[in-house]
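The values are calculated or read from the model by the stated rules, or taken from the named source; none is laboratory data. The shown structure was predicted, so the numbers you read here are calculated from the model rather than taken from an experiment. Every residue, glycine among them, receives a Cβ derived from its backbone with ideal geometry; neighbour counts consider all protein chains shown. Calculation scope for accessible area: heavy atoms of the full protein, side chains included, ligands and nucleic acids excluded. Shrake-Rupley method; radii C 1.70, N 1.55, O 1.52, S 1.80 Å.
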Amino acid sequence: MNNLTLIIPAKLESESLPSVLDELASYKFNINIVLHKSDNLTIDAIKKFDLKIIFQKNHGYGDALIQAIRECKTEYFCIFNADGSFNPSEIIPMFENLKKQNLDFIFGSRYQMNSGTEDDTIITSIGNFIFTKIGNFFFRLPITDILYTYVLGKTDSFKKLN
């Protein structure tokens, strides 16, 4: 998929990221890893992979995503976690759904039919439910899992956001 780039923010992911990249290899996605120059262990762990490394200028997960998507050259992007918590087989149906419905963004959810999560506790589940309802109400977000950052979207649409 030449028109889709996976944005993978990584911080101290030298153990999990190579396995994630091995899993992604069969999909032929463009991959941009965003991390700090000082994260030598992660940089060394991914040297053998065909990808682009973006060195984060500031700090934080949100800043990493913003910088990487602003530097994205493809028509579409997908935020993908470096820890192995996302299933890459879900990217194609998300992409097809985004195009079919002519959406700007599509959000993955662990709380839809045929979905799930192995790491939720009762506290995180209740907290996510509350935060999601707040996001639905105040920001009119039609999503069911506000804390899950499995997002696929049109790069230009993201770049138009403030």
Going through (1) open to solvent by less than 90 Å² (accessible area, probe 1.4 Å); (2) over 21 Å from Leu17 (Cα atoms); (3) modelled with pLDDT of 95 or more one by one, Tyr111 fails only at (3)
Pairs only if they're at least six apart or on different chains, beta carbon under 7 angstrom, first in segment 116-140 and under 21 Å from Asn87 (Cα atoms) and without any contact (Cβ under 8 Å) to a residue 40 or more places away in the chain, second open to solvent by less than 80 Å² (accessible area, probe 1.4 Å) and outside any helix (DSSP H, G or I); list them, first residue then second.
Gly116/Arg110; Thr117/Arg110; Asn128/Asp145; Asn128/Ile146
Scan (1) buried (at least 17 other Cβ atoms within 10 Å of the Cβ); (2) touching a Leu at 6+ places or on another chain (Cβ under 8 Å) for the single condition Phe86 breaks and write down its number.
(2)
Answer residue from segment 1-41, given it is polar (S, T, N, Q) and in contact (Cβ under 8 Å) with a residue 40 or more places away in the chain and is most open to solvent (accessible area, probe 1.4 Å) among those
Asn2
Is there a residue in segment 79-92 that is in contact with a Cys (Cβ under 7 Å, 6 or more places away or on another chain) and not polar (S, T, N, Q)?
yes
As an exercise: evaluate Phe49 against (1) among the hydrophobic types (A, V, I, L, M, F, W, C); (2) part of a strand (DSSP E or B); (3) over 13 Å from the mean Cα position of the chain (by Cα) and give the number of the one condition it does not meet.
(2)
Exactly one of Lys57, Lys73 is exposed (fewer than 14 other Cβ atoms within 10 Å of the Cβ), part of a loop (DSSP other than H, G, I, E, B) and in contact (Cβ under 8 Å) with a residue 60 or more places away in the chain, and that one is Lys73
In segment 19-37, what residues are more than 18 Å from Leu65 (Cα to Cα) and either of a type in the set (S, T, N, Q) or in contact with a His (Cβ under 9 Å, 6 or more places away or on another chain) (or both)?
Ser19, Ser26
Pairs please, first residue from segment 141-156 and over 27 Å from Thr121 (Cβ atoms), second anywhere and assigned to a loop (DSSP other than H, G, I, E, B) and not hydrophobic (A, V, I, L, M, F, W, C), Cβ atoms under 7 Å, 6+ apart in sequence or on different chains.
Gly153/Asp104; Lys154/Glu75; Lys154/Asp104; Thr155/Thr74; Thr155/Glu75
When segment 90-135 is examined, which residues are found to be more than 15 Å from Tyr76 (Cα to Cα) and of a type in the set (Val, Ile, Thr)?
Thr117, Thr121, Ile122, Ile123, Thr124, Ile126, Ile130, Thr132, Ile134
Give the residues of segment 113-162 that are assigned to a helix (DSSP H, G or I), farther than 22 Å from Lys100 by Cα and among the hydrophobic types (A, V, I, L, M, F, W, C), sorted by residue number.
Ile122, Ile123, Ile126, Phe129, Ile130, Phe131, Ile134, Phe137, Phe138, Phe139
